[in-house]
There are 6 protein chains.
Amino acid sequence: MTLSARNRLAGTVQSLDKQGLMAEVVVETDGGQEITAVITSNSAERLGLAEGEEVNAVIKATEVMIDGE
Amino acid sequence: MTLSARNRLAGTVQSLDKQGLMAEVVVETDGGQEITAVITSNSAERLGLAEGEEVNAVIKATEVMIDGE
Amino acid sequence: MTLSARNRLAGTVQSLDKQGLMAEVVVETDGGQEITAVITSNSAERLGLAEGEEVNAVIKATEVMIDGE
Amino acid sequence: MTLSARNRLAGTVQSLDKQGLMAEVVVETDGGQEITAVITSNSAERLGLAEGEEVNAVIKATEVMIDGE
Amino acid sequence: MTLSARNRLAGTVQSLDKQGLMAEVVVETDGGQEITAVITSNSAERLGLAEGEEVNAVIKATEVMIDGE
Amino acid sequence: MTLSARNRLAGTVQSLDKQGLMAEVVVETDGGQEITAVITSNSAERLGLAEGEEVNAVIKATEVMIDGE
């Protein structure tokens, strides 16, 4: 891992929905939790994303909030 | 869940490091994966965050990237 | 308020425009200022957003810029 | 306004707290609501920010969430 | 420059693709590098963006990651 | 490039300033433009960042704004 973004959650693409410029990617993490990413359709194509593929969801630490409830 | 942000990962605060204005919060998710959040120290105090507490890490879908490697 | 995100502006949904994956929500704050949010259409549906509804616009402090002009 | 970021809330700097690299700026908007920004101390100095100064809080629409509660 | 966002890369709009709510803007920077922005179509129209126009790509420092590879 | 984030600007670390939890990294891009990133000090250490090192500044397209001025 050479990227400064701290968070990498390994998982599998559960669904991919491209509509116009944007694509919604749902990843089931290896821990059994679900993460949804909204990326550009161009990026989804460049990466060749498809259901069942193993990927990492990557998130910069400053983008994560905490809910104490 | 009444917030539009799609991603909520339940877990437990593993460590909390407040230094100046910012605080780094490491959450071990219930799925056994680790998430780091950088929030303001003021927010950490307002929420009364402490090690061992159950929280949710919350992330807007547009902030999540996918790494296909 | 149990979420670390510092900014919550109470207001009323003035318009909601869902197109494909994304939805644009314009909120008139109680202070008479306008805030536009872009969220996923899925979240807009999950929250049951509609014109006239009372909501809060929520923003993490690290996402706010200052213009001194 | 020549910037693509949709949201501009006019207001007055209520407090400015610089600690190390980061600065926390609290703005009271003209509508009487409070917004907190975390920016770099370098930017706070470049802009010459000070209490009582009139500024705009600027936020990209994709960074705004909606809480339906 | 009166905005706290630190990064401004001068360049020229190379392409503009509006689809539904969102628009993808590719800017060729004066340094010969390419930057892609996703903004709202409303903002693209408000700014009157068009190919060949001189613009700045603006990015808050907390949104930039470093890849050491 | 296996990451969905569209923007990668190759360059050289010009300065690195770690203070507390956060680090400010100034990169001079190969195109001669300057980019500042704010990352965690932990990430700066993990990557072994130092002046003169060749890196990429990486930015998600949804984080880029356009200034038409």
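The values are calculated or read from the model by the stated rules, or taken from the named source; none is laboratory data. Predicted model only: the values in this text are computed from it and were never measured. When we count neighbours, we look across all protein chains shown, and the Cβ atoms used for this are built from the backbone with ideal geometry, even at glycine.
Table for the structure above
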| quantity | calculated |
| --- | --- |
| Hey, A:K60 among the basic types (K, R), closer than 30 Å to B:A50 by Cβ and either buried (at least 23 other Cβ atoms within 10 Å of the Cβ) or in contact with a helix residue (DSSP H, G or I) (Cβ under 7 Å, 6 or more places away or on another chain) (or both) or not | yes |
| Test set (1) surrounded by fewer than 19 Cβ atoms within 10 Å (Cβ to Cβ); (2) touching a Ser or Thr at 6+ places or on another chain (Cβ under 6 Å) - F:M65 fails condition number | (1) |
| Per-region count, segment E:18-50, residues farther than 24 Å from F:I35 by Cα and charged (D, E, K, R) | 3 |
| Residue count, segment C:1-59 (criterion: among the charged types (D, E, K, R), in contact with a Gly (Cβ under 8 Å, 6 or more places away or on another chain) and more than 9 Å from chain D (Cβ to nearest Cβ)) | 1 |
| Options A:A50, A:A37, A:A5: the member that is farther than 30 Å from C:T2 by Cβ and not hydroxyl-bearing (S, T, Y) | A:A50 |
| Filter result for A:E28 (under 30 Å from E:S41 (Cβ atoms) and either modelled with pLDDT under 95 or not small (G, A, S) (or both)) | no |
| Any hit, segment D:11-32, residues being within 21 Å of B:M22 (Cα to Cα), among the charged types (D, E, K, R) and over 11 Å from the mean Cα position of the chain (by Cα) | yes |
